[in-house]
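Below is one structure, written out as structure tokens, with a few remarks after it.
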Amino acid sequence: MRTTLNLNDDLLREAARLTRIGEKTALIHAGLEALIARESARRLATLGGSEPSLAPTPRRRGRKERRG
């Protein structure tokens, strides 16, 4: 989808410098993906402990960590 954006040149330049992504389209895609990941994690974290009737999930241990 093509769209027109008015972007802050300093923000775009700094994002490109930090990520080493030179292509503007790829940089915007990476930024949107990072924003989605951050917000998804934030929303998931707010759910923590919100279902009191839920039984604790058993955790798996690696072979070296097992006792017995």
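Loop-located GluC sites (Glu not before Pro) in the chain (DSSP state other than H, G, I, E, B) with a sparse environment of at most 16 neighbouring Cβ atoms within 10 Å: GLU23.
Of the trypsin sites (Lys or Arg not before Pro) found in region 9-57, those that fall in a DSSP loop while having at most 14 other beta-carbon atoms within 10 Å are ARG20. Seen against the Cα atoms of the chain and their longest principal axis, helix 24-47 is set at about 30 degrees.
Model label sites at THR46 and ARG61, defined 7 Å from Cα along the beta-carbon direction, differ in position by 3.6 nm.
No value in this document is a laboratory result; all are computed from the given coordinates. Quick caveat: nothing in here was measured; it's all calculated off a predicted structure. Positions of Cβ are generated from backbone atoms using ideal geometry, with glycine treated the same way; all protein chains shown enter the neighbour counts.
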